[in-house]
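The block underneath contains the structure these notes are about, expressed in structure tokens.
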Amino acid sequence: MVRPWLRAGLAFTLSACLLASSSADRRTDPDVDADVTRQLTIAAGTLLRHRSQALVQKHHRDQTSAPREVYGVRISPRLARSQERAVRELHNRNRAPVEGGPAYTGARTSLDGGHAVREGDRITLEAVENTVVRYGSGKVTQSVRRRFVFETEGQQITLVAERVLDPDARPVNDPFEPAR
């Protein structure tokens with residue numbers, strides 16, 4: 001016969017174990033919350049918009065360098081150098097959809113559908129880049145899946161890498177030979 005106080009103790013222990021295992025499952029949930037995902041998407045999108053703007057011919061071009069921090073997310077020095085090289089290359093190449101054709105007059109880039117997953121001190125964001133570049137009376141529209149890799153140290157998040165996921169995609173705002 002099990003004594004009532006022992007039965008109550010076993011029930012309490014069992015419920016504590018179940019509660020602990022369900023809260024442990026929540027802690028290991030790899031999905032990143034919506035606010036952080038938005039923060040990462042804004043940071044990644046800023047770099048892509050900076051490259052897209054390099055395609056547009058302007059008389060008094062804004063010579064600002066790639067940002068070192070966006071919305072609280074640092075850009076790694078290696079990635080920042082790579083982005084600056086890409087912007088220089090995009091600025092210096094033929095900025096028209098076809099050789100000798102009308103130049104690009106505007107560019108708009110956004111990231112949609114971002115999904116971020118955490119694994120240890122690394123966060124991976126996958127999103128669809130939508131870019132529209134205008135020229136003369138036409139436009140070029142592209143949608144490309146990209147992956148961005150962030151590293152965390154305490155509360156600090158740093159964007160360290162990005163790449164195109166679609167093997168055959170040739171984004172208009174990527175340099176010819178990506179160095180990333």
Those residues of region 129-155 which are in a strand (DSSP E or B) and closer than 20 Å to residue 30 by Cβ amount to 145, 146, 147, 148, 149, 150, 151, 152, 153
Result of the Cβ filter at 6 Å on region 141-158, keeping first residues that are under 17 Å from residue 71 (Cβ atoms) and partners that are assigned to a loop (DSSP other than H, G, I, E, B), at least 6 apart or interchain, is 151/121; 152/121; 158/76
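Here is a yes/no grid of residues against (1) modelled with pLDDT of 90 or more; (2) open to solvent by 50 Å² or more (accessible area, probe 1.4 Å):
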residue	(1), (2)
3	no, yes
21	no, yes
33	yes, yes
41	yes, no
78	yes, yes
94	no, yes
Scanning region 96-120 for residues that are in a strand (DSSP E or B) and β-branched (Val, Ile, Thr), the one least open to solvent (accessible area, probe 1.4 Å) turns out to be 109
Note on residue 103: of the conditions (1) within 29 Å of residue 58 (Cα to Cα); (2) under 17 Å from the mean Cα position of the chain (by Cα); (3) not hydroxyl-bearing (Ser, Thr, Tyr), unmet is (2)
Can you confirm whether region 74-86 contains a residue that is among the aliphatic types (A, V, I, L, M), over 19 Å from residue 49 (Cβ atoms) and either free of Cβ contacts under 8 Å to residues at least 60 places away in the same chain or in a strand (DSSP E or B) (or both)?
no
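The values are calculated or read from the model by the stated rules, or taken from the named source; none is laboratory data. Small disclaimer: the values here were computed from a predicted structure and weren't measured. So basically every Cβ, Gly included, is an ideal-geometry build from the backbone, and we count neighbours across all protein chains shown. All accessible areas refer to the heavy atoms of the entire protein, side chains included, with ligands and DNA or RNA removed. Shrake-Rupley method; radii C 1.70, N 1.55, O 1.52, S 1.80 Å.
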